[in-house]
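One structure is given here, and the rest of the page talks about it.
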Amino acid sequence: MDPKAYIDEFACIAHLPREQQFKEIEAAIEAIKQDSALPVLPLISIAIPAIVVGALVAMMYLFFGGESWTLVIAAIFGLLVSRVIASELRAKLLNKALHKRQQVE
């Protein structure tokens, strides 16, 4: 996961210099990794797309009888939607970890 993508995204650390934000985000990522028994961040990147694409393709198969163009459209749309969902989940996890870190300090 690239911490650079989250620079200036969180209001709780936006007032800090970029280098300090980078360090805080890296520390939050490490805290997330240590707090969970499973590798949550990589799991989000793998499980969410698989679930969303699988569900959409299955629904299109049931509704349209397995025509190939509908399955391709469902897969592409599922990848786009899953990317947004995964990004939002990562941002929420990071925001929670950053707030937890600030409460400790």
Response to the item:
Within region 20-62, of all residues that are within 17 Å of the chain's Cα centre (by Cα) and among the polar types (S, T, N, Q), the one farthest from residue 97 (Cα to Cα) is 45
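So is residue 51 crowded, with 17+ Cβ neighbours inside 10 Å and not hydroxyl-bearing (Ser, Thr, Tyr) or not?
Values: crowded, with 17+ Cβ neighbours inside 10 Å: no; not hydroxyl-bearing (Ser, Thr, Tyr): yes.
When the stated conditions are applied, residue 51 does not pass them.
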Discussion item. If I ask for residues that are exposed (fewer than 15 other Cβ atoms within 10 Å of the Cβ) and hydrophobic (A, V, I, L, M, F, W, C), which ones from region 86-105 would you list?
Written reply: 91, 104
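Scanning for something out of contact with any Phe, Trp or Tyr (no Cβ under 6 Å at 6 or more places or on another chain), in contact (Cβ under 8 Å) with a residue 12 or more places away in the chain, assigned to a loop (DSSP other than H, G, I, E, B) and open to solvent by less than 30 Å² (accessible area, probe 1.4 Å), does region 11-24 turn up at least one residue? Before the answer, list the steps.
Looking only at region 11-24, we keep the residues that are out of contact with any Phe, Trp or Tyr (no Cβ under 6 Å at 6 or more places or on another chain), and these are 11-24.
Next cut, in contact (Cβ under 8 Å) with a residue 12 or more places away in the chain only: 12-13, 21-22, 24.
Adding the requirement that they be assigned to a loop (DSSP other than H, G, I, E, B) leaves 12-13.
Narrowing further to those that are open to solvent by less than 30 Å² (accessible area, probe 1.4 Å): 12-13.
Among the residues of region 11-24, at least one is out of contact with any Phe, Trp or Tyr (no Cβ under 6 Å at 6 or more places or on another chain), in contact (Cβ under 8 Å) with a residue 12 or more places away in the chain, assigned to a loop (DSSP other than H, G, I, E, B) and open to solvent by less than 30 Å² (accessible area, probe 1.4 Å), which makes the answer yes.
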Worksheet, complete the sentence: Within region 54-79, residues exposed (fewer than 12 other Cβ atoms within 10 Å of the Cβ) and either of a type in the set (A, V, I, L, M) or under 16 Å from residue 44 (Cβ atoms) (or both) come out as 62
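The values are calculated or read from the model by the stated rules, or taken from the named source; none is laboratory data. Owing to the predicted nature of the structure, the values given are computational and were not obtained by experimental measurement. Cβ coordinates were reconstructed from backbone atoms using ideal geometry, including for glycine residues, and neighbour counts include every protein chain displayed. The area values use the complete protein model at the heavy-atom level, side chains included, leaving out ligands, DNA and RNA. Shrake-Rupley method; radii C 1.70, N 1.55, O 1.52, S 1.80 Å.
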